[in-house]
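Taking it in order: structure first as structure tokens, then the write-up.
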Amino acid sequence: MSSNPDTVALTTGSVVIGEDGLARPPWAAVDPLLQHYYDTEWGMPVRDERGMFERLALEGFQSGLSWLTILRKREAFRAAFRNFDPDTVAAFTQTDVERLLADSGIIRNRAKILATIGNAAATIALREDGGLVNFIWSFQPRTTPEPRTIADVPTTSDASTALSLALRKRGFAFVGPTTMHALMEATGIIDTHLLDSHRRGSSGVWPRSS
């Protein structure tokens, strides 16, 4: 095994100490864009409808792909989906679908595009029952994982499975348990920062450790 501490950390799944002296998980230490996203956005609470709908949509597009792929295309996604305004997206027509399928800046997957349009309509419908944000946050569990290494981080949970089922009943698509677990991680509903990461507990939702 290499004596390089960064290589060792990547191999063991423990934190990687960056040149700035900050500890991050291996996935956030291999690309500047991912590092910036990790340091400034990932795991922070999302409490507005547009922001939550965007995260829900992008997590759906990420299914089967890397998050870095989505992150690199995020601005193109925002332009293509009109900044993910649910009312605007719900009104998309077949012409918009064809426009999106021709847009090389995004993931041109017809099923995911149609799901996003349908999910916008489902988001609007949820306003009569407290809204998308309150609905998703209502599945916040009573405890959060305390992972030491990447291997300790779960990819699904009882909460994400329950959220997935509930959203499907409300007409949402591409909201499987794994995708919803990733959404819950990204929006601060759970905290899966590694215990030694400089971001652990930064959301203000969960303490650094119990």
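Some notes on this structure:
- Residue in region 15-47 that is farthest from Pro154 (Cα to Cα), counting only those that are surrounded by fewer than 19 Cβ atoms within 10 Å (Cβ to Cβ) and among the small types (Gly, Ala, Ser): Gly21
- A single member of Asn83, Asn134, Asn109 is under 19 Å from the mean Cα position of the chain (by Cα) and more than 25 Å from Lys169 (Cα to Cα), and it is Asn83.
- Extreme residue, modelled with the lowest pLDDT, among residues of region 63-75 that are assigned to a loop (DSSP other than H, G, I, E, B) and of a type outside the set (S, T, N, Q): Gly64
- Residues that are hydrophobic (A, V, I, L, M, F, W, C) and surrounded by 15 or more Cβ atoms within 10 Å (Cβ to Cβ), drawn from region 126-157: Leu126, Leu132, Val133, Phe135, Ile136, Trp137, Phe139, Ile150, Val153
- Residue within region 138-158 that is assigned to a helix (DSSP H, G or I), more than 18 Å from Arg50 (Cβ to Cβ), out of contact with any strand residue (DSSP E or B) (no Cβ under 6 Å at 6 or more places or on another chain) and among the hydrophobic types (A, V, I, L, M, F, W, C) present: yes
- When Arg50 is tested against the conditions (1) free of Cβ contacts under 8 Å to residues at least 60 places away in the same chain; (2) crowded, with 20+ Cβ neighbours inside 10 Å, the lone failure is (2).
- Boolean, Ile117 is in a loop (DSSP other than H, G, I, E, B) and free of Cβ contacts under 8 Å to residues at least 60 places away in the same chain: no
Residue by residue, here is whether (1) assigned to a helix (DSSP H, G or I); (2) under 28 Å from Val205 (Cβ atoms) holds:
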residue	(1), (2)
Gly51	yes, yes
Glu54	yes, yes
Phe61	yes, yes
Phe77	yes, yes
Phe92	no, no
Leu100	yes, no
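- Among (1) surrounded by 13 or more Cβ atoms within 10 Å (Cβ to Cβ); (2) under 23 Å from Arg168 (Cα atoms); (3) not hydroxyl-bearing (Ser, Thr, Tyr), the one test that Leu68 misses: (2)
- Complete set of residues in region 171-188 that are over 11 Å from the mean Cα position of the chain (by Cα) and crowded, with 16+ Cβ neighbours inside 10 Å: Phe172, Ala173, Phe174, Val175, Gly176, Pro177
The values are calculated or read from the model by the stated rules, or taken from the named source; none is laboratory data. Since this is a predicted model, take the numbers as computed values, not measurements. When we count neighbours, we look across all protein chains shown, and the Cβ atoms used for this are built from the backbone with ideal geometry, even at glycine.
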